[in-house]
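Notes to accompany the following structure.
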Amino acid sequence: MRAAQVKAFGGPEVLVPVEVPDPVPASGEVVIDVAYADTIFVETQVRAGWGREYFPVTPPYVPGSGVAGVVSALGPDAPAEWLGRRVISFVTGGYAERAVAPASALSVVPDSVDLLHAAALVHDGVTASGLLELTGIRATDRVLVLGASGGMGTLLIQLAHARGARVVGVARGAAKLALVRELGADAAIDATRDDWPAAARHALGGREEAADVVLDGVGGQLGAAAFPLTADGGRFSAHGAPTGGFSPVDPAEAARRDITLLGIGDVQFGPDDLRRFTSAALTEAAAGRMRPLIGEVFPLEGAGEAHAAIEGRELVGKVVLKV
């Protein structure tokens with residue numbers, strides 16, 4: 001079968017088309033004919049050699065941990081009702097024509113949700129749904145979203161807005177700021193402004209001019225500059241590091257101000273939570289309350305170009321591979 005393989009750690013050019021053997025399902029597993037493979041920023045970082053203490057992969061390997069497609073074969077003891085179903089699932093080696101997954105990890109895609117949009121929810125929809133629960137966003141909250149025009153940021157804007165919160169999104173450039181407002185943000189702040197924290201504080205409003213919840217999917221110095229905007233007793237989630245590192249937040253300062261800190265470990269959900277949050281994301285999408293934005297769709301053979309586009313940060317929304 002066709003696949004896209006990382007030959008060695010390096011730039012996007014190390015991700016090349018190859019032919020590999022078809023996967024064979026073990027007991028309780030199914031084969032998914034992949035229609036679309038999700039991509040996430042951390043996959044570009046791992047391909048470049050970052051985070052080996054967290055991601056113990058050795059080239060050559062096929063990236064991709066989330067797919068949407070149709071179940072085409074069953075392993076021993078896999079329930080027969082899955083055959084022919086449209087599903088999404090977490091997998092290993094998803095940049096390929098076929099992937100295997102435990103039947104217990106599958107989620108049925110509602111008829112009203114196409115597989116392209118379902119693929120875009122595999123990672124970001126699940127994490128966004130989980131973050132809303134972890135941070136307990138309410139209608140009375142003021143929410144600051146960093147990286148608001150990205151795949152997950154656009155979902156967080158929509159979900160927080162649907163709960164009635166006041167939402168302020170931080171993004172870069174006029175087009176991305178316009179999109180953030182269109183998705184329901186009450187205000188959009190340009191991260192390229194030297195005074196963006198002051199502008200965000202003013203937009204958040206309230207007696208303290210601060211955020212009850214900060215959702216930081218960016219990390220680095222942008223996240224560090226956002227931490228002081230968190231209200232005393234608020235919640236700060238540092239779950240992203242596309243800048244190369246998570247936000248350098250002082251736990252002692254957070255404790256002094258009674259701020260609840262959440263990190264990447266808090267969104268590493270177990271099987272039960274993964275199924276629950278996946279179901280929640282698909283339900284929201286089917287109801288029209290959450291719309292994943294697709295920045296561009298690349299063919300499987302163009303996986304290297306897809307990684308280059310993700311790293312270039314010019315696209316708005318998700319990058320997805322069409323298989």
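The numbers here are math on the coordinates, done by the rules we state, and not lab data. Owing to the predicted nature of the structure, the values given are computational and were not obtained by experimental measurement. Methodologically, a virtual Cβ is constructed for each residue, glycine included, from the backbone with ideal geometry; neighbour enumeration extends over all protein chains shown.
Of the GluC sites (Glu not before Pro) found in segment 1-108, those in coil by DSSP whose Cβ has at most 11 other Cβ atoms within 10 Å are Glu53. Relative to the longest principal axis of the Cα atoms of the chain, the long axis of helix 124-135 makes an angle of roughly 40 degrees.
Distance between the C-alpha centres of segment 24-48 and segment 60-81: 9 Å, rounded to the whole angstrom. From its DSSP helices (H runs of at least four residues, each -39,500 (n - 2.57)), the chain gives a residue-normalised ellipticity at 222 nm of -8000 deg cm²/dmol.
For segment 73-226, the fraction of C-alpha pairs farther apart than 25 angstrom is 40 percent.
For Ala254 and Glu314 in the same chain, what is the full-extension length gain: residue separation times 0.36 nm, less their Cα-Cα distance, in nm?
Values: separation 60, 0.36 × 60 = 21.60 nm, distance 3.35 nm.
This chain segment gains 18.3 nm when fully extended.
Computed extension gain for Val24 through Arg2, at 0.36 nm per residue and net of the alpha carbon distance, reaches 6.4 nm.
Once Rh for segment 146-286 is found with the Kirkwood sum over Cα pairs, what is the Stokes-Einstein diffusion coefficient at 20 °C and 1.002 mPa s, in µm²/s? Write down the numbers at each step before the final one.
Working: Rh = 15.5 Å.
Translational D for this selection: 138 µm²/s.
Considering Cα pairs under 8 angstrom that are at least six residues apart, work out the relative contact order of segment 183-276 and quote it in whole percent.
Working: 136 pairs, mean separation 20.8, N = 94.
Relative contact order comes out at 22 percent.
Summary of packing: across the peptides 166-175, 258-267, 140-149, 179-188, the per-residue average of other C-beta atoms within 10 Å ranks them, highest first, as 140-149, 166-175, 179-188, 258-267. Under the convention that each Lys and Arg Cβ holds +1 and each Asp and Glu Cβ holds -1, the size of the dipole of segment 226-301 around its Cα centre is about 220 debye. The Rg/Rh ratio for the chain is 0.98, where Rg is the radius of gyration of the alpha carbons and Rh is the Kirkwood radius.
Can you list the aspartates and glutamates whose alpha carbon sits under 20 Å from that of Lys176, skipping same-chain ones fewer than 8 residues off? Within the straight-line cut-off, Lys176 pairs with Asp124, Asp186, Asp190, Asp194, Asp195, Asp216, Glu296, Glu311, Glu314. Averaging the Cα positions of each part gives two centres, and for segment 279-323 and segment 200-278 these lie 24 Å apart. Using a Gaussian network for the chain with springs between C-alpha atoms less than 10 Å apart, which of these wobbles most: Pro292, Pro59, Pro12? It is Pro59. In the chain, a dipole from Cβ-located charges (positive for Lys and Arg, negative for Asp and Glu) runs towards its positive end, and of Tyr36, Pro12, Ala210 it is Ala210 whose Cα lies farthest in that direction.
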